[in-house]
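The values are calculated or read from the model by the stated rules, or taken from the named source; none is laboratory data. A quick note: this is a predicted structure, and the numbers were derived from the prediction, not measured. We place every Cβ from the backbone using ideal geometry, glycine too, and count neighbours over all the protein chains shown.
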Amino acid sequence: MTLDPSRLRPSTRLVHGGVQRTHHGETAEALFLTSGYVYDNAEQAEATFAGTVEHYQYSRFANPTLTMLEERLCLIEGAEACRTTATGMAAVNAALLSHLKAGDRVVASRALFGSCHWIVSTLLPKFGIHSEFVDGADLDQWRAALSRPAQLVLLETPSNPMLELVDLPAVAELAHAAGAIVVVDNVFATPLLQQPLKLGADVVVYSCTKHMDGQGRVLGGAVLASKKWIDDTLQPFIRNTGPALSPFNAWVLLKGIETLALRVDAAGRSAAVIADFLAEQPGVTRVWYPMRADHPQQALAHRQMSGGGTVVTFEVAGGKDGAFQVMNAFQLIAVSNNLGDSKSLATHPATTTHMRIGEQERARLGITDGVIRVSIGLEDTDDLKDDLRQALHRLVPATSRSAAN
Ligand SMILES: *Cc1c(COP(=O)(O)O)cnc(C)c1O
């Protein structure tokens, strides 16, 4: 007898969801490393293309390993349909370009991942699609921007790197009244801590590169939405423009997702402890973490998220020099621009991920030169504390010296 997967609890879905065993009865998901498929006869090929028979045609359209991943993602997100893509950016790009046309209007939160910001601010206007940014935390700005018709809203919550939240139900209501669909980049929360479709969003996009792989190996992306939108809007775009995910990478992601709950839970618990620890350290001027009492949107965080996530952002005294001094002193935490890895990674957003947006936009987003983003991994929390403590210790004498000058 087969189980109804929708009745399984989330961590069981992560392990069993979407599995399609072949007649060999393999335990692990099979890797279908094939570009094409053969038919029993010419009639079956004809019926497949006519749509009267279901048969894989070509891996740009669909592939059994990708199907397993897509079904598993649907089960954990509570979505009707999913398509995976080669990267997170391919997912965002496909979600936007498949839905929009010249003359349309997009409203987006300012605090977007750099490449998402570029698509909205630079790429879309080239095709006659108007775009407008608002401060994601300010509902009045959303209200003003959505008092005129719009076709699409794009937002990220919590945002990178300042962990600012957007009130999903409130913005979804305003967006729908303006005629727009709501696309949420849910990378920071993961489907385990926040399910935007249940909060009013229409489309959820992921960079599977982050927590879903979680071990820094492959790139991947996913778009989840209603079956109708995926079939009518997204699938023709993906099928004909070709951002398809490699079956090998899909297989790596399937194995990564099996441990997603364990990893996000462990790293999230550690991140909450690290956030509290950092707040007490000399040389640290501020800490941002969604569930902390000093987060300006703590109540909203509790309403729409079940955990604060795996990223902690903090500011050190001494601006860029201070931040570089601390980062260069890390012995365990690595300097990287990636996140969502089993290894803890530190980023200086002002000079790397958010360098291109310019000083003025960084100031608007609160990304000062002293801000460091740490993606907490799976190391022992006490080892991370030791590393942070010894690195911050370097800073203290230097700051008191400069204060004395
Ligand atoms: C990494 C990331 C992306 C882009 O994903 P890629 O897999 O690198 O293409 C988009 N949005 C957010 C929030 C990200 O962190």
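Here are the numbers for the structure shown:
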{"item": "Among the residues listed as Gly322, Gly283, the single one being at positive phi and not assigned by TED's automatic domain parsing to the domain that holds Leu253", "result": "Gly283"}
{"item": "The range 313-369 - residue that is surrounded by fewer than 17 Cβ atoms within 10 Å (Cβ to Cβ) and acidic (Asp, Glu) and, of those, farthest from the ligand (Cβ to nearest atom)", "result": "Asp321"}
{"item": "Test: Thr87 is buried (at least 24 other Cβ atoms within 10 Å of the Cβ), modelled with pLDDT of 95 or more and either more than 26 Å from Asn160 (Cα to Cα) or within 14 Å of the ligand (Cβ to nearest atom) (or both)", "result": "no"}
{"item": "Those residues of the range 106-118 which are surrounded by 21 or more Cβ atoms within 10 Å (Cβ to Cβ) and more than 8 Å from the ligand (Cβ to nearest atom), in sequence order", "result": "Val106, Val107, Ala108, Ser109, Arg110, Ala111, His117"}
{"item": "All positions within the range 328-352 that are assigned to a strand (DSSP E or B), within 17 Å of Arg286 (Cβ to Cβ) and without any contact (Cβ under 8 Å) to a residue 60 or more places away in the chain", "result": "Ala346"}
{"item": "Given (1) surrounded by 12 or more Cβ atoms within 10 Å (Cβ to Cβ); (2) at pLDDT 95 or above; (3) more than 18 Å from Leu253 (Cα to Cα), number of the condition Ser35 does not satisfy", "result": "(1)"}
{"item": "Those residues of the range 359-405 which are part of a loop (DSSP other than H, G, I, E, B) and either under 26 Å from the mean Cα position of the chain (by Cα) or at pLDDT 90 or above (or both), in sequence order", "result": "Gly366, Ile367, Thr368, Asp369, Gly370, Ile376, Gly377, Leu378, Glu379, Asp380"}
{"item": "Candidates Ser98, Ser131 - the one that is outside any helix (DSSP H, G or I) and either within 26 Å of Arg13 (Cα to Cα) or assigned by TED's automatic domain parsing to the domain that holds Pro10 (or both)", "result": "Ser131"}
{"item": "Only listed residue being out of contact with any Leu (no Cβ under 9 Å at 6 or more places or on another chain), outside any loop (DSSP other than H, G, I, E, B), farther than 22 Å from Leu193 by Cα and modelled with pLDDT of 95 or more, chosen from Glu71, Glu46, Glu26", "result": "Glu46"}
{"item": "Conditions (1) under 17 Å from Ile230 (Cα atoms); (2) in contact with a Pro (Cβ under 7 Å, 6 or more places away or on another chain); (3) away from the ligand (no atom under 16 Å from the Cβ): number failed by Gly78", "result": "(2)"}
{"item": "Some residue of the range 261-279 being part of a loop (DSSP other than H, G, I, E, B), surrounded by fewer than 22 Cβ atoms within 10 Å (Cβ to Cβ) and modelled with pLDDT of 95 or more", "result": "no"}
{"item": "Where Leu66 falls short, out of the listed (1) exposed (fewer than 14 other Cβ atoms within 10 Å of the Cβ); (2) among the hydrophobic types (A, V, I, L, M, F, W, C); (3) under 29 Å from Gly256 (Cβ atoms)", "result": "(1)"}
{"item": "Tally, over the range 157-179, of residues that are closer than 12 Å to Trp142 by Cα, crowded, with 23+ Cβ neighbours inside 10 Å and either in contact (Cβ under 8 Å) with a residue 60 or more places away in the chain or not hydrophobic (A, V, I, L, M, F, W, C) (or both)", "result": "2"}
{"item": "Residue check, Ile274 of a type outside the set (S, T, N, Q), touching a residue at least 24 places away in the same chain (Cβ under 8 Å) and within 30 Å of Leu174 (Cα to Cα)", "result": "no"}
{"item": "Pairs with Cβ under 9 Å, 6+ apart, first in the range 353-372 and farther than 19 Å from Leu339 by Cβ, second polar (S, T, N, Q) and in a helix (DSSP H, G or I)", "result": "Asp369/Thr351"}
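This table checks each residue for (1) in the same structural domain as Arg292 (by TED's automatic domain parsing); (2) away from the ligand (no atom under 13 Å from the Cβ); (3) more than 16 Å from the chain's Cα centre (by Cα); (4) closer than 14 Å to Ile76 by Cβ.
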{"residue": "Met162", "(1), (2), (3), (4)": "no, no, no, no"}
{"residue": "Val183", "(1), (2), (3), (4)": "no, no, no, no"}
{"residue": "Thr190", "(1), (2), (3), (4)": "no, no, no, yes"}
{"residue": "Asp213", "(1), (2), (3), (4)": "no, no, no, no"}
{"residue": "Gly220", "(1), (2), (3), (4)": "no, no, no, no"}
{"residue": "Lys227", "(1), (2), (3), (4)": "no, yes, yes, no"}
{"residue": "Gln235", "(1), (2), (3), (4)": "no, yes, yes, no"}
{"residue": "Asn249", "(1), (2), (3), (4)": "no, no, yes, no"}
